[in-house]
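What follows draws every value from the coordinates through simple rules; no lab data is involved. Given the structure is predicted, the values throughout are model-derived calculations rather than measurements. Ideal geometry is used to build each Cβ from the backbone, glycine not excepted, and the neighbour counts take in all protein chains shown.
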Amino acid sequence: MKRLLLSSILLCIVFGIYAQTTVETALPFEEGTVSFTFESSTGQNTVYYVYTAPAEQGKLLTVQTANGSATITLSEDGTYSTMISGINSGNVRIFPIKKGQKVYLAAGVYNESTVNFTAVLKDADVEGGATCGDAISATESDFFVPSYYDSKTYQTKPTFLSYACIDSGLLEMTFGSYPASLVVHEGCEGASESLAITNIGSKYVAKYAVETGKNYIVEVSLYSTPAMASFKLTHPTEGTSCDMPFIGKENNNVLPKATGKYWYQYTVGKNGFMLLASDNGLPGGNISIYKTCSDYSPYASIDGYFAIRCKVDAGATYLICIERADETGSDEMFDITVEDPKMGDSTESPIIIEAGSYTVPQYDGTYYYKVNVPEGDSRFLIVDAKAANLQNSNTSVKLYTLDNLYTPIAQGKDFIKNEVAGNTSYMIVWSCSEGLNSYSFTISYENIAQGDICSNPLPAKTGQNDLSVGAVKYCQYKTTKDGWLLIDTDITVGVSFPKSCQGYGDYDAVKVGTITKMEVTTGVDYLIKFDNIEEATHFTLSEEVYKEGESCSMAIPVEAGDTPLPENVLNHWYKYTATQDGKVTVTADILYEQSADSRKSSSVFVKSGDCSAYPVNITQTNSDGTWFEGQFVVEKDDVLLINIVTCSVQADKKLTLAIRDLLPGEACSLPIALTPGEVTFQEATRSNPVWYAISLQPGDFKVASANDFTLSLFKECNETTPLAQSNYYYDSTGESNSEYRLEYEVTAAGTYVLKLEMSYANTIVNVSGSAIVTGLDPISEGKYPVRVENNAIIVNPGDQSVNIDIYDFSGKKIQSRCISSYTSFIVPEGFYIIKIGNYIRKVIVRN
């Protein structure tokens, strides 16, 4: 093995000359084990080596570092801009070097004094493969596959590899990284075939059957980096793998007598249905048909029989896998045929049927039947195959209208009963999966009686009502009370309340024992659906008005503090009336749960004002679980209506209400002053916004941040339509920053309020613009004179009575009264916010 020039190394070590740590004085490079010691072990240390490849031969450089933290790079001039893309695999780096190319190797370590590595050079074609005419010759030993890139289309281009086959067999192509695509063809002009790629360990393998004397071209599209590859010719036993199948033929295909899996490849000559047939059985075995070797599941399959039939396309090649479970005395034969489509194979050529008995075909598959309903009124169409005792879960029957062959109007495993219109045609589709089918089914009709269908329900009355035997019955009842509609029937009978006959789901209902009940409104016709009626029975209908707490209008009055909740299944309402201005925290310690059908879950909803208000769901979830807590800003005498719902009995649970004084920013009447420059927004949500105020004059105004926030600008607190809202501004040119931004051109001077409805904690924004009035605090404006004197806040209300509220720096209300003349409020030293009617003032009291 060649070694570095020892004289150069000795000069570095003995005389302490470390000029080799610059590109200009790089050490000459040769193969071998390299060790270099730096003067210092602090910070980044790098040594450079220079190498020029022979003019007639490209090279492949492999560098293995002794220390995994060492960095190895290769470039044309030692700079980042000319770095050569290589292959990284742990502590091994592989780089291509072109014929006659001069390169610089940089070896670096951080906070270490020595770098060690081993370098090997070998001859390689590292420039070829860009075109088919310059394809790289594939070898069994590892060879280099460069990656080519098209700067115009911004996509990788294929690299061409050639393989000259000297013996027929199975070519295994192995790549060190995953190719984006792999295509093979004979010569440069031959028909192409895409290959499946399988991950085996850290390698990626594709296989292809090759023949003696042929030259194959493989197009491999890599991602951004090159790869190492190797090609190996193998000779597996024909027929024992998907990659080396028997070539199938129409007659006398041989199935070996030994147990195992046998593969056959068959190319179809025409469109139709492919059948495999044999005079012999296949006990315990299986036949599966695939389109490619990489398919996860078969295109068609059958267990135990030579009785498979599937749709095929002309020119396509199919792979047939036959698994023999029992060894036979001799090889057996089977045939492969492709027959033309038959009646029933498609929606275009269905089998026409009427009332009577029919038999499905022998083979697994999908079969289509068209039935023409006789003239007359609507009736039930019945498809019945219960006597066949069908076993496979994939077997089914579906009924379609002819104008929608995608969505069935009825479906079942072996039985359908559905309303159909007279003088109308329908499609019946059997999906047969019994292996050997040939089972019978019957088509019949049944007149529709009142109550059999949703559109013609039976009238129901209070008290007892009769129910005749039937899968489903419908009734209708017009309610006379606001409250509950209760249906009491056998516990096995299903009861539901459809919203309409056109779908749209059911109304929420609660079943306790034999009684199913639903909330209703006076004078509404409600549908009642009964199912699972196994014998003639009856049901009892009754109405109940709401009890206290069972409806929003009958909400139970509660006060601040804890209110015990009943243990039974809840859907109760509670009403809280605020005793002061402030923020109310609503908490319920119920457990989160879902009903068995996932249609209902524990919940707490709060409405502000009255029952027509939009409900706010206060369910909260994080990694620790789900709990129920929400906060609401209220004024004195505001009403909160709270609805608590559970799915099962929960003992010792309570509703907790707590109210406190408002903090600055929690209400429009108590905003935070917004100042120009950097401002840190508080965390805000739609249900708990943060309010700001700012004095503006005509000019431009902007609030911007790289972080997401939702902000609206208003002129007054009672406005509902904002003057401006924040949006995301994306700059595709890169000339300015993409950011979240609120912008507004102010035309009228005044104090404006801003509602922050979404921001994360500690979101930093920048407030700017010529409209900002500097030196004037927006929350210090007002028409009532306020001054500080002798440790007192003095307010002059003029000649009228006003309400005064004084808050300390924490937001706690410390004074509240109505005044009509000069009034002095003695307070300790500190910062205070004074609310005078709808005006806000901010003062500082110093001793």
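Observations on the model:
- Sorted on the mean count of surrounding Cβ atoms within 10 Å across their residues, most packed first, peptides 95-103, 587-595 read 95-103, 587-595.
- Rounded to the nearest 20, the Cβ-based charge dipole of the range 375-422 about its Cα centre (Lys and Arg +1, Asp and Glu -1) stands at 260 debye.
- Ordering Trp430, Trp627 from the fewest to the most neighbouring beta carbons within 10 Å gives Trp627, Trp430.
- FRET efficiency for Tyr728 and Tyr148, using Cβ-Cβ distance with R0 set to 41 Å, rounded to 0.05: 0.60
- Taking the range 298-441 and dividing mean pair separation by its residue count, relative contact order in percent (alpha carbons under 8 Å, at least six apart): 29 percent
- Placing pseudo-labels 7 Å out from each Cα toward the beta carbon at Tyr299 and Lys342 gives an inter-label distance of 2.0 nm.
- Shown here are the Rg and Dmax of the Cα trace of the range 208-259, at 16.6, 50 Å.
- Full-extension gain in nm, Leu436 to Ile844, via 0.36 nm per residue minus C-alpha separation: 137.6 nm
- Calculated over the range 356-435, the projected area of the Cα convex hull averaged across directions stands at 5.2 nm².
- Among Met518, Met343, a tally of other beta-carbon atoms within 10 Å of each Cβ gives an order, fewest to most, of Met343, Met518.
- Relative contact order %, the range 648-766, counting alpha carbon pairs below 8 Å whose residues are six or more apart: 36 percent
- A helix-only calculation puts the chain at -500 deg cm²/dmol for mean residue ellipticity at 222 nm, using -39500 (n - 2.57) for each DSSP H run of at least four residues, averaged over all residues.
- With K and R counted +1 and D and E -1, the other residues having a Cβ less than 11 Å from that of Pro54 yield a net charge of +1.
- Descending semi-axes in Å of the range 383-428, equivalent ellipsoid built from Cα gyration tensor: 22, 12, 7
- The chain: C-alpha pair distances exceeding 52 Å, %: 56 percent
- Dipole orientation for the range 134-208: of the candidates Pro179, Leu195, Ala206, Pro179 has the Cα lying most toward the positive pole (charges on Cβ; Lys, Arg +1; Asp, Glu -1).
- Taking every C-alpha pair closer than 8 Å and separated by at least 6 residues, the mean separation divided by the residue count of the chain gives a relative contact order of 5 percent.
- Computing FRET efficiency as 1/(1 + (r/R0)^6) for Lys715 and Ile814, where r is the C-beta to C-beta distance and R0 is 35 Å, gives about 0.70.
- Added length on full extension, which subtracts the Cα-Cα distance from 0.36 nm per residue, Cys454 to Asn280: 57.2 nm
- Computed magnitude of the charge dipole of the chain (debye, nearest 20; Cβ of K, R +1, Cβ of D, E -1): 1560 debye
- Calculated FRET value between Glu76 and Asp313, using beta carbons and R₀ = 45 Å, to 0.05: 0.30
- Charged side chains reduced to their Cβ positions (Lys and Arg at +1, Asp and Glu at -1) give the range 654-744 a dipole of some 420 debye around its Cα centre.
- Over the range 61-219: Kirkwood hydrodynamic radius from C-alpha pairwise inverse distances, Å: 17.8 Å
- Here the spin labels are modelled as points 7 Å beyond Cα on the Cα-Cβ line, and at Ser224 and Tyr504 they lie 5.4 nm apart.
- Kirkwood hydrodynamic radius of the range 237-299, Cα pairs, Å: 13.2 Å
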